[in-house]
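Enquirer: Next up is a structure, given as structure tokens.
The values are calculated or read from the model by the stated rules, or taken from the named source; none is laboratory data. Because the structure is predicted, anything quoted here is derived from the model rather than measured. Cβ sites come from the backbone with ideal geometry, for glycine too, and all protein chains shown count toward neighbours. Note: accessible area is taken over every heavy atom of the protein model, side chains too, but ligands, DNA and RNA are not part of it. Shrake-Rupley method; radii C 1.70, N 1.55, O 1.52, S 1.80 Å.
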Amino acid sequence: AQSVAQPEDQVNVAEGNPLTVKCTYSVSGNPYLFWYVQYPNRGLQFLLKYITGDNLVKGSYGFEAEFNKSQTSFHLKKPSALVSDSALYFCAVRDRRNQGGKLIFGQGTELSVKP
Amino acid sequence: SAVISQKPSRDICQRGTSLTIQCQVDSQVTMMFWYRQQPGQSLTLIATANQGSEATYESGFVIDKFPISRPNLTFSTLTVSNMSPEDSSIYLCSVEKDRGPGNNEQFFGPGTRLTVL
């Protein structure tokens, strides 16, 4: 069965410091991987995705993520955090064999960036 | 991208009543999805709604409780029937844009925040 794990419910970072939000996955074969962000009282916004190619994926708002097949991980990173990055972050996976449809989401990580 | 709107944005309902949530997209899409996000929880797919066919429900969700309509390629509705407090959640509509093999992206609406008393 496919699954996604975000081991940290909350991550606290000081503004200007680098941030990492962790994600590991379990899916047969090679997955498609996604990161979404949810700001308070708003819907999910797409940040970035890994489909194929370079393991380091760059996305919106200066975020990037690295696909590590051996560790089945897809951690979200940013070199210098901003207070405005404070939000709820979701990692998601889709089986590559499923060309359209169902995303499996992690439980979410609350990122708090303090000034 | 896709611009998705949902109505209502929030509602407070009484136990035993039903609420229909509307989802409108600014372009034609084949695949539309309905997700539920319970308080403090992640997103769970309720069903996939493709135009011209019956919705496909995920395990734990049934048509009698969550009937879905998909009358055209830009619109869908989800009804939450015979509501109980356990149905209090955010309900999100999403659509998938086809960008080529394996490169589909899903975009989400702003959600409908439902509270059942």
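Enquirer: Quick one: in segment B:20-41, of everything that is within 16 Å of residue B:113 (Cβ to Cβ) and open to solvent by 20 Å² or more (accessible area, probe 1.4 Å), which residue is farthest from the other protein chains (Cβ to nearest Cβ)? So that I can check it myself, show each step before the final result.
Expert: Taking segment B:20-41 first, the residues within 16 Å of residue B:113 (Cβ to Cβ) are B:20-23, B:34-41.
From the residues that got through so far, the ones that are open to solvent by 20 Å² or more (accessible area, probe 1.4 Å) too are B:20, B:22, B:36, B:38-41.
Working: B:20: 19, B:22: 15, B:36: 11, B:38: 11, B:39: 12, B:40: 9, B:41: 7 Å.
That would be B:20.
Enquirer: Would you mind finding the one in A:66, A:15 that is out of contact with any Pro (no Cβ under 8 Å at 6 or more places or on another chain) and farther than 27 Å from residue B:113 by Cβ? Show your work before the answer.
Expert: On the way: A:15 fails: out of contact with any Pro (no Cβ under 8 Å at 6 or more places or on another chain).
Exactly one residue qualifies, and that residue is A:66.
Enquirer: Restricting attention to segment A:29-75, and to residues there that are charged (D, E, K, R) and either part of a loop (DSSP other than H, G, I, E, B) or at positive phi (or both), which single residue is nearest to the other protein chains (Cβ to nearest Cβ)? Explain how you work it out, then say what you get.
Expert: At the first step, the residues of segment A:29-75 found to be charged (D, E, K, R) are A:42, A:49, A:54, A:58, A:64, A:66, A:69.
Add one more test, that the residue is either part of a loop (DSSP other than H, G, I, E, B) or at positive phi (or both), and what stays is A:42, A:54, A:69.
On the way: A:42: 6, A:54: 15, A:69: 16 Å.
That would be A:42.
Enquirer: Moving to a separate point now. Out of the residues in segment B:102-117 that are within 7 Å of another protein chain (Cβ to nearest Cβ) and open to solvent by 10 Å² or more (accessible area, probe 1.4 Å), which is modelled with the lowest pLDDT? Even if it seems obvious, please write down each step before you answer.
Expert: First, the residues of segment B:102-117 that are within 7 Å of another protein chain (Cβ to nearest Cβ): B:102-111.
Next, from what is left, pick out any that are open to solvent by 10 Å² or more (accessible area, probe 1.4 Å): B:103-105, B:107-108, B:110.
Values: B:103: 62, B:104: 69, B:105: 77, B:107: 89, B:108: 92, B:110: 91.
Among residues in segment B:102-117 that are within 7 Å of another protein chain (Cβ to nearest Cβ) and open to solvent by 10 Å² or more (accessible area, probe 1.4 Å), the one modelled with the lowest pLDDT is B:103.
Enquirer: Next up: Please work out which one of (1) free of Cβ contacts under 8 Å to residues at least 12 places away in the same chain; (2) open to solvent by less than 80 Å² (accessible area, probe 1.4 Å); (3) β-branched (Val, Ile, Thr) is the condition residue B:17 fails and give its number.
Expert: All conditions pass for residue B:17, except number (1).
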